[in-house]
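Engineer: The structure's right below; bear with me while I get my questions together.
The values are calculated or read from the model by the stated rules, or taken from the named source; none is laboratory data. Keep in mind it's a predicted model, so treat the numbers as computed, not measured. Glycine also receives a Cβ, built like all others from the backbone with ideal geometry; neighbour counts cover every protein chain displayed. Just the protein is used for accessible areas: all its heavy atoms, side chains included, with ligands, DNA and RNA removed. Shrake-Rupley method; radii C 1.70, N 1.55, O 1.52, S 1.80 Å.
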Amino acid sequence: MTKPEDDYLLHVVMNGRVIGDVQRTGKKAVRLLYSTTVPTPLSVSMADRRKRYRSNALEPWLDGLLPDRPETLRQWRRRFKIADDNSAFALLRHVGEDVAGAAQFVRPDRLDNVLTGHGVLAPLAASDVAEMLRRAKADLPVNLDDSTIGKFSLAGAQAKIALHRADDCWSDPSGAVPSTHIIKPAIPGRDDQDLVEAVTMRTATALGLPTARVAVEEFADERAVVVTRYDRVRRNERYLRVHQEDMCQALAEWPGRRYETQGGPNAARVADLIRRVSSDPDVDNQRFAQALVFNWLTCGTDAHARNYSLLLSGDTARLAPLYDLNSHLAYADGTGTELSMSVEGAFRATAINLRTWARAGSALHVDADWLRAEIERQAAGLPAAIAEAAASGDVARYDSPTVARLVDTTAQWVKKRTG
Ligand SMILES: Nc1ncnc2c1ncn2[C@@H]1O[C@H](COP(=O)(O)OP(=O)(O)OP(=O)(O)O)[C@@H](O)[C@H]1O
Ligand SMILES: [Mg+2]
């Protein structure tokens, strides 16, 4: 039996333990109350376990768990019969059990199910995964049945689904069992963008930047980039969730302010945050600076504040591996080279040069000589790294002109920027 007051309550569960409750106290108002023992807080912006956090801190954070696709949000609300309620709380009652990070937002009537570690893995054929991808692209809930319990929620403007893979079999997880992979089809209108994402991510890995693992796979007649979730780890035959939040959440910013040009966090603010909260600030400030350099040298124009995250465990915080890296050079015709985060106020990648970077070290909390050497290191390694990434089997088999252009343009671009 559900009680009417249950509509106003979501339990926050982390790996089988209730760490707090989110209560709805008004049409828009929500608050977070932590339980007595909370190993890991929801956010570095809500880290004091004795405090109650109200809407101003909590609402932007919860909103940050939802997709950045207005039509997806509209369709989800329609399906869950909450069309007149645009709060994150109302949607998380349906899709909050599998989100970014370790927290599960669980309705009272489902709590036992989640706490007992109960979960269902529904096996999926390749044609089922293809159907889910088509639904996601059409902004529809991906469920293959008409259940009112949704599946997952993830940020981002691109269509995607989250599934569980074990022993090379795909399944649709629920309850306590998490998704382990994120599957993203190519962005419509951008030829072979899934290949470009896979190549860019692997290039970063080859240059020594900690980056999520990717592969290009086919599901019946749908192709997509399959990203291994770094916020899930396998322990004794089970998957645990690892907590994370993106830089907007960590800075208590609304997700709609993810771009610096929208008044969102700039590189200095992210670097300051890392300095303040990271358990290894020297290394993490360097990693963040490395990512900024990489995005300049590959013209990765969409590296906004939500494309960087922190991993949280107890009271430690570390910069998460990189994800959603995409070079614009496959499509560049000399325009559209504005970066999402400026370097010393300059957004246009072509307007940034070694002199710009020479001034950037102190705001990024890295040594200027180290930064210059890092730029040289990446510039020297990039042409071979990207050629090798493009030659890997799951990409090379498509013989993509877009990928070929990416490899060629990158070598010229790097030379021009640093030569
Ligand atoms: N490998 C990963 N492991 C864990 N979480 C991830 C991983 N990759 C992405 N995420 C989470 O999923 C969210 C959406 O992923 P991603 O940034 O790839 O999507 P997108 O739709 O391309 O984003 P954008 O709107 O920036 O284009 C991220 O903001 C992050 O919270
Ligand atoms: Mg993203």
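Engineer: Computed FRET efficiency, Cβ-Cβ of Arg238 and Asp109, R0 35 Å: what is it to the nearest 0.05?
Structural biologist: That gives a FRET efficiency of 0.90.
Engineer: Calculate how steeply helix 70-79 sits against the longest principal axis of the alpha-carbon atoms of the chain, using the helix alpha-carbon long axis, and give the answer as 0 to 90 degrees to the nearest 10.
Structural biologist: That works out to roughly 20 degrees.
Engineer: What is the helix-to-structure angle for 267-277, meaning the angle in degrees between its Cα long axis and the longest Cα principal axis of the chain, kept from 0 to 90 and rounded to the nearest 10?
Structural biologist: Here the helix axis deviates by roughly 60 degrees.
Engineer: Another one. Through the Karplus equation 6.51 cos²θ - 1.76 cosθ + 1.60, θ set to phi - 60°, convert the phi angles of the range 295-311 into ³J(HN,Hα) values in whole Hz; use x for Gly and Pro.
Structural biologist: These are the phi-based 3J(HN,Hα) values: 5, 6, 6, 10, 6, x, 7, 10, 7, 8, 5, 8, 9, 10, 9, 10, 9 Hz.
Engineer: Same structure, new question: Before rounding to the nearest 500, sum -39500 (n - 2.57) across all DSSP H runs of length at least 4 in the chain and divide by the residue total; then give [θ] at 222 nm in deg cm²/dmol.
Structural biologist: Dividing the helical sum by the residues of the chain leaves -10000 deg cm²/dmol.
Engineer: So, for the range 1-143, what is the accessible surface per residue at a probe of 1.4 Å, expressed in square angstrom?
Structural biologist: Result: 46 Å² of accessible area for each residue.
Engineer: Now a separate question. Taking trypsin sites (Lys or Arg not before Pro) as exposed when DSSP calls them loop (any state but H, G, I, E, B) and at most 16 other Cβ atoms lie within 10 Å, what is the longest stretch of the chain free of them, the sites themselves excluded? Numbers along the way, then the final one.
Structural biologist: On the way: sites that count: Lys27, Lys28, Arg49, Arg50, Lys51, Arg54, Lys81, Arg190, Arg213, Arg359, Arg397.
Result, exposed sites excluded: 214-358.
Engineer: A further question follows. Rounded to the nearest 20 debye, what is the charge dipole size of the range 4-185 about its Cα centre when +1 sits on each Lys and Arg Cβ and -1 on each Asp and Glu Cβ?
Structural biologist: Working: 26 positive and 23 negative charges, 137 e Å.
That gives the range 4-185 a dipole magnitude of about 660 debye.
Engineer: Alpha carbon centre of the range 353-380 versus the range 1-35: separation in Å?
Structural biologist: 46
Engineer: What's the angle, to the nearest 10 degrees (0 to 90), between helix 368-390's Cα axis and the longest principal axis of the chain?
Structural biologist: Roughly 80 degrees between the two axes.
Engineer: Right, another one. Roughly how big is the chain's charge dipole about its Cα centre, with Cβ charges of +1 (Lys, Arg) and -1 (Asp, Glu), in debye to the nearest 20?
Structural biologist: 1060
Engineer: Same structure, new question: Spelling out what I want: for every residue of the range 400-410, take phi, set θ = phi - 60°, compute 6.51 cos²θ - 1.76 cosθ + 1.60 (Karplus), and round to whole Hz; glycine and proline get x.
Structural biologist: Running phi through 6.51 cos²θ - 1.76 cosθ + 1.60 with θ = phi - 60° gives 7, x, 5, 5, 4, 5, 4, 5, 5, 5, 5 Hz.
Engineer: How much FRET efficiency would the formula 1/(1 + (r/R0)^6) give for Asp139 and Glu388, where r is the Cβ-Cβ distance and R0 is 41 Å, rounded to 0.05? Present the calculation step by step, with values, prior to reporting the outcome.
Structural biologist: On the way: r = 36 Å, r/R0 = 0.89.
So the FRET efficiency works out to roughly 0.65.
Engineer: For Cα pairs less than 8 Å apart in space and 6+ apart in sequence, what is the mean separation divided by the residue count of the chain, i.e. the relative contact order in percent?
Structural biologist: Working: 811 pairs, mean separation 59.9, N = 419.
Across the chain, relative contact order equals 14 percent.
Engineer: How would the range 4-185 be classified by its alpha-carbon gyration tensor: rounded, prolate or oblate, with rounded meaning a/c under 1.5 and the a/b versus b/c comparison settling the rest?
Structural biologist: Prolate.
Engineer: Charges on Cβ only, +1 for Lys and Arg, -1 for Asp and Glu, centred on the Cα centroid of the range 242-418; of Leu310, Ala320, Tyr331, which one is farthest towards the dipole's positive end?
Structural biologist: Tyr331
Engineer: At a Cα cut-off below 17 Å, give the lysines reachable from Lys151, other chains included and same-chain residues fewer than 8 away excluded.
Structural biologist: Qualifying lysines at Cα under 17 Å: Lys81, Lys137, Lys160, Lys184.
Engineer: Which translational diffusion coefficient, to the nearest whole µm²/s, is obtained for the chain from the Stokes-Einstein equation, given a Kirkwood hydrodynamic radius over C-alpha pairs, 4 °C and 1.567 mPa s?
Structural biologist: Approximately 59 µm²/s, per Stokes-Einstein.
Engineer: Could you give the length gained on full extension between Tyr398 and Ser313, defined as 0.36 nm per residue of separation minus the Cα-Cα distance, in nm?
Structural biologist: 26.6 nm
Engineer: Modelled label-to-label distance, Glu5 and Thr261, 7 Å Cα→beta-carbon offset: nm?
Structural biologist: Going from the Glu5 label point to the Thr261 one covers 5.0 nm.
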